[in-house]
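For reference, the structure is listed below as structure tokens.
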Amino acid sequence: MSSLNALLRKEWRENVRNFKLYWIPIVFVIFGILEPITNHFLPEIMKSVGNLPEGTDFVWPKFRGEDIFVSLMGQYQIIGILVIILAFMGSISGERKTGTATLLYVRPMSFSQYFLSKWIVVNVIVLASVWLGFLAAWYYIRILFNPVAAGEVFAFLGTYSLWLIFAVTVVLSLSAWMPTGGTAGLSILILLVFQVLDGIIGTYWTISPWKLSTYALNAFGASVDQSDFWMSVGLTIIFIVLLVFFGMYMAKRNAAKTLV
Amino acid sequence: MTQLLQVHELSKSYGSHKAVNSITFELGEGTSTALIGPNGAGKTTTLSMLAGLVAPTNGSILFRGKPKPDIRASIGYLPQYPKFFPWLTALEFTEMAAVLSGVEKRRALSEAKKTLEFVGLGDSMKKRAGTFSGGMKQRLGLAQAIVHEPELLLLDEPVSALDPVGRRQVMNLLKELQQKTTILYSTHILNDAEEMTDQLLFLRKGVLVENGSLDSIREKYANPRVLIEFESVIEAERFTAISPWAVRVEKKQVSIDAVEEKVGTSEVLALLHTESLHIRKVELQTASLEDIFMKVAVEE
């Protein structure tokens, strides 16, 4: 237990000192603030700098606060996921490549704890960042649109967090398995390309981790069939557990690949 | 003397390339052993296998007579180029190393401090490893290898990358550690091997070609020759003509194989005296460690 503590402290110090603990939340909060503001002022902005012909009368859709949450999640689904991949794709493969892992691997350290320490710290940073982003958006939505009930927001965040944990687990377990470049490519395939595929041909199935974000939006009154929501949650949790074990196993198997 | 480590027919292949080919040796408790050999001889691979970083293809490693799958708790390992997390301070890193190697949490910090003082990083323990010079990194590497007081210390080229001053300092630290623990270190610098070694293991292309004490290997490869340097080439030629022993002439220098011809300096001097030849010097030459290295390394 004390060695897990020591590893957690190391991960924490790393993320504080390479500023990931600061810039990742800042990125998510900036998006969280910009989304309601731009949507609110879009008609004004278009009017003044949009170069619309004289006399054009454009009817802007009337957004509800809930709609802003939906579009913000759309941003996070692409840009946010990309930030997570780029920030953490080298978590394990990078340590092998630079050889900093060597002095850990020669100790009687458990690779499960090694993987777990990274998994916990990265999840804390990612979840905190995304939550802060949505909470910032919530505040501006309340000012610029209509107040959204706390119950809805937290119900949404709960489900969406499970998808984020899934995303983090994918990136870390791939990092344990492959070099950084491969991790980036495969993470983008699994987390971004599959998302699009699930959107296009996903009408044929209802149980999938990639549908969690859609299910999450149901909290805002979107009309999505919820019947397989819990099955999807269960499947995602199973995937997460399997990927964690896969990551632990791969971290150990690839230990010899560290630069000596 | 009890055996701390017994290595039996240890091999490591990468594809068809045999990096280490069936080596067998033992390390007595409290001894210092040098693993020498040219670059690419398999020194680092051997140490990595003992450190548990690389799984052997074949062979067994017994620790205190027992096969232990994981001896990582009992060893300290210093790689050739230790890499540190640049954003951790020397003290933070050494403390973490101690905890991960099984030192109790409440003792870890004080042990780390003590060890850093010992290796001479007392003033820099609060600085980040990323700012360290090569010599300081090597000392930090030594600190993390000894902070948990391991029974066996594995050092991969501990002084090769250092300047003469740093080398001297680290050698002195190693000599002090030699009193307390068993050391196996690799090097291709023979003076270092000469300075603190009970046993020499000589690797060439993954094969253990020599294994013994420094003296026994010296004796085997000593190849003593009597070397005579004359005043002039003419005198050297005169000596060659009358010499009862087989000689090798090189301008003013004549040398005789002392073992084969069963001859010492006194016989040669006696002959020189009776023939009243003028010489500059007469000496008995034995092979230096470097000669031995060259001989063993390039043999065949």
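The values are calculated or read from the model by the stated rules, or taken from the named source; none is laboratory data. Quick caveat: nothing in here was measured; it's all calculated off a predicted structure. No Cβ is skipped: glycine too gets one built from the backbone with ideal geometry, and neighbour counts run over all protein chains shown.
Being in contact (Cβ under 8 Å) with a residue 40 or more places away in the chain and surrounded by fewer than 17 Cβ atoms within 10 Å (Cβ to Cβ) is a property that does not hold for B:V226.
Each row is one residue, and each column tells you yes or no for (1) assigned to a helix (DSSP H, G or I); (2) within 21 Å of A:N254 (Cα to Cα); (3) more than 10 Å from chain B (Cβ to nearest Cβ).
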residue	(1), (2), (3)
A:S71	yes, no, yes
A:Q75	yes, no, yes
A:I85	yes, yes, yes
A:G94	yes, yes, yes
A:P108	no, yes, no
A:F115	yes, yes, yes
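A quick yes/no check of all residues on (1) in a helix (DSSP H, G or I); (2) crowded, with 22+ Cβ neighbours inside 10 Å:
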| position | (1), (2) |
| --- | --- |
| B:D70 | no, no |
| B:G76 | no, yes |
| B:Y81 | no, no |
| B:L91 | yes, no |
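Scanning the range A:171-186 for residues that are more than 27 Å from A:V121 (Cβ to Cβ), out of contact with any helix residue (DSSP H, G or I) (no Cβ under 6 Å at 6 or more places or on another chain) and part of a loop (DSSP other than H, G, I, E, B) turns up nothing. How many residues, within the range B:111-143, are within 12 Å of another protein chain (Cβ to nearest Cβ) and either loosely packed, with under 13 Cβ neighbours inside 10 Å or of a type outside the set (A, V, I, L, M, F, W, C) (or both)? Residues flagged as within 12 Å of another protein chain (Cβ to nearest Cβ) and either loosely packed, with under 13 Cβ neighbours inside 10 Å or of a type outside the set (A, V, I, L, M, F, W, C) (or both) within the range B:111-143 amount to 4.
Of everything in the range B:245-257, what is hydrophobic (A, V, I, L, M, F, W, C), assigned to a loop (DSSP other than H, G, I, E, B) and either buried (at least 16 other Cβ atoms within 10 Å of the Cβ) or outside the structural domain of B:L227 (by TED's automatic domain parsing) (or both)? Give them in sequence order. Once the filter is applied, which keeps residues that are hydrophobic (A, V, I, L, M, F, W, C), assigned to a loop (DSSP other than H, G, I, E, B) and either buried (at least 16 other Cβ atoms within 10 Å of the Cβ) or outside the structural domain of B:L227 (by TED's automatic domain parsing) (or both), the range B:245-257 yields B:W245, B:V247.
Scanning the range B:196-227 for residues that are of a type in the set (V, I, T) and in contact with a Ser or Thr (Cβ under 7 Å, 6 or more places away or on another chain) returns B:T197, B:V226. Number of residues in the range B:96-110 that are more than 7 Å from chain A (Cβ to nearest Cβ) and free of Cβ contacts under 8 Å to residues at least 40 places away in the same chain equals 6. If you filter the range A:1-20 down to residues that are more than 8 Å from chain B (Cβ to nearest Cβ) and among the hydrophobic types (A, V, I, L, M, F, W, C), you find that the one that is surrounded by the fewest Cβ atoms within 10 Å (Cβ to Cβ) is A:M1.
The single condition among (1) over 21 Å from B:E210 (Cα atoms); (2) acidic (D, E); (3) in a helix (DSSP H, G or I) that B:D291 does not meet is (1). Going by what's in this entry, would A:L235 be described as surrounded by fewer than 20 Cβ atoms within 10 Å (Cβ to Cβ), within 14 Å of chain B (Cβ to nearest Cβ) and touching a Ser or Thr at 6+ places or on another chain (Cβ under 8 Å)? For A:L235, the condition - surrounded by fewer than 20 Cβ atoms within 10 Å (Cβ to Cβ), within 14 Å of chain B (Cβ to nearest Cβ) and touching a Ser or Thr at 6+ places or on another chain (Cβ under 8 Å) - is not met.
Can you find, within the range B:272-289, the residue that is farthest from B:R225 (Cα to Cα) among those that are surrounded by fewer than 17 Cβ atoms within 10 Å (Cβ to Cβ) and among the aliphatic types (A, V, I, L, M)? Residue satisfying both the conditions and the ranking: B:V282.
Across the range B:98-136, what is the number of residues that are part of a helix (DSSP H, G or I) and closer than 18 Å to B:N172 by Cβ? Summing the residues that are part of a helix (DSSP H, G or I) and closer than 18 Å to B:N172 by Cβ in the range B:98-136 gives 8. Step by step: first the residues of the range A:43-69, then only those that are surrounded by 15 or more Cβ atoms within 10 Å (Cβ to Cβ) and assigned to a helix (DSSP H, G or I), then the one that is nearest to the chain's Cα centre (by Cα). Which residue is that? Step by step, filter the range A:43-69, then rank; the result is A:F69. For the range A:122-168, taking the residues that are of a type in the set (S, T, N, Q), in a helix (DSSP H, G or I) and touching a residue at least 60 places away in the same chain (Cβ under 8 Å), the one that is surrounded by the most Cβ atoms within 10 Å (Cβ to Cβ) is identified as A:S129.
Being assigned to a loop (DSSP other than H, G, I, E, B), at pLDDT 80 or above and not small (G, A, S) holds for only one residue in B:L271, B:L284, B:L277, B:L227, and it is B:L277. Among the criteria (1) under 30 Å from B:L203 (Cβ atoms); (2) outside any loop (DSSP other than H, G, I, E, B), the one B:E260 does not fulfil is (2).
For B:E95, the stated conditions do not hold, so it cannot be described as acidic (D, E), part of a strand (DSSP E or B) and assigned by TED's automatic domain parsing to the domain that holds B:L162. Against the conditions (1) in contact with a Phe, Trp or Tyr (Cβ under 8 Å, 6 or more places away or on another chain); (2) away from chain B (no Cβ under 14 Å); (3) part of a helix (DSSP H, G or I), A:L104 satisfies every one except (2).
The residues of the range B:150-175 that are in contact (Cβ under 8 Å) with a residue 40 or more places away in the chain and not aliphatic (A, V, I, L, M), listed by number, are B:P150, B:E151, B:D156, B:E157, B:P158, B:S160, B:Q169. Pairs meeting the criteria (first residue in the range A:94-115 and farther than 15 Å from B:W87 by Cα, second residue of a type in the set (D, E, K, R) and assigned to a loop (DSSP other than H, G, I, E, B), beta carbons under 7 Å, at least 6 apart or on different chains) are A:T102/B:K83; A:P108/B:D70.
Conditions (1) out of contact with any Asp or Glu (no Cβ under 7 Å at 6 or more places or on another chain); (2) not charged (D, E, K, R), marked per residue:
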site	(1), (2)
B:T187	no, yes
B:L190	no, yes
B:R225	no, no
B:R238	yes, no
B:I242	no, yes
B:S255	yes, yes
B:T265	yes, yes
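Do we find a residue being of a type in the set (G, A, S) and either closer than 22 Å to B:R204 by Cα or at the interface with chain A (Cβ under 8 Å from one of its Cβ atoms) (or both) anywhere in the range B:78-94? Within the range B:78-94 (the criterion being of a type in the set (G, A, S) and either closer than 22 Å to B:R204 by Cα or at the interface with chain A (Cβ under 8 Å from one of its Cβ atoms) (or both)), the answer is no, since none of the residues qualifies.
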